[in-house]
1. What ³J(HN,Hα) values, in whole Hz, does the Karplus curve 6.51 cos²θ - 1.76 cosθ + 1.60 give for the stretch B:37-42 when θ = phi - 60°, with x put for Gly and Pro?
2. Other chains near A:39-51: what is the mean number of their Cβ atoms within 10 Å of each residue's Cβ?
3. Pop out the Kirkwood hydrodynamic radius of the protein assembly as shown from its pairwise C-alpha distances, inverse of mean 1/r, in Å to one decimal.
4. Please list, ordered by chain and number, the residues whose modelled amide H lies under 5 Å from the amide H of residue B:5; skip anything fewer than 5 residues away on the same chain.
5. In whole Hz and in residue order, list the ³J(HN,Hα) couplings for the stretch B:79-94 that follow from phi through the Karplus curve 6.51 cos²θ - 1.76 cosθ + 1.60, θ = phi - 60°; x for Gly and Pro.
6. Taking every pair of distinct Cα atoms and averaging 1/r, then inverting, what Kirkwood hydrodynamic radius in Å comes out for chain B?
7. Give me the three principal axis extents of chain A from the C-alpha atoms, as integers in angstrom, largest value leading.
8. For Cα pairs less than 8 Å apart in space and 6+ apart in sequence, what is the mean separation divided by the residue count of chain B, i.e. the relative contact order in percent?
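Every number in this text was worked out from the coordinates using simple rules, so none of it is lab data. Everything quoted here is computed from the prediction, not taken from an experiment. Reconstructed Cβ throughout: ideal geometry from the backbone, glycine too, with neighbour counts over all protein chains shown.
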Amino acid sequence: QKEVEQNSGPLSVPEGAIASLNCTYSDRGSQSFFWYRQYSGKSPELIMFIYSNGDKEDGRFTAQLNKASQYVSLLIRDSQPSDSATYLCAVIEYNFNKFYFGSGTKLNVKP
Amino acid sequence: EAGVTQFPSHSVIEKGQTVTLRCDPISGHDNLYWYRRVMGKEIKFLLHFVKESKQDESGMPNNRFLAERTGGTYSTLKVQPAELEDSGVYFCASRPSGSGSYEQYFGPGTRLTVT
């Protein structure tokens, strides 16, 4: 059974700090990795995706992938109170169809 | 461009009743997905349509759940008869074909409460 694991949190960081969100997955056949942000009662919205080992940066966000360790992370620099949300890690396998989600990490950024 | 919409936003029904959830994907998106999140658990895949055809329904819990996508546009998910364990948030997502991107665009979900 494919599993995607996330620490449920809450992860609390002060405003301006770096928030580090982690995700591990069990299936070595996983191909693509997505981070979604979900505010309470709203749609999950895509923050970043990553396919290749290494780092991928987009503004204040950096996704890191290590396929050998089956580990993907999301770093949020200069965290803002508006970043407070639940962050969902999602994994797609080789046929690029259904997502396997982690249970999400709740992030609180304190002013 | 309008996003994925779902109706209703919230439904409260009694055990044994029938409920139909609706999803309108982004216009032109051939791929439509249904997911469900039950309390305290992760979002789980239910099924995948490509146009009007069911591509993968391996996540459907049992035969009380029936999904349709007539005409390849909007989709409905019917639960009949509803049971207590069907309570949760039902998400719909869509994705275009052939774009080279595998991002799925999610709707806000329908919160179903079975009492």
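1. Couplings: 10, 8, 3, x, 10, 7 Hz.
2. Working: counts 0, 0, 6, 3, 12, 11, 3, 5, 0, 0, 3, 0, 1.
So the per-residue partner count for this stretch is 3.
3. Working: mean 1/r = 0.0552 Å⁻¹.
One over the average 1/r among Cα pairs gives 18.1 Å for the protein assembly as shown.
4. For residue B:5, the qualifying residues are B:24.
5. So the J values, rounded to whole Hz, are 10, 8, x, 6, 10, 4, 6, 7, 4, x, 10, 9, 9, 10, 9, 9.
6. 14.1 Å
7. So the extents along the principal axes, rounded to whole Å, are 42, 29, 19.
8. Once divided by the residue count of chain B, the mean separation gives 37 percent.
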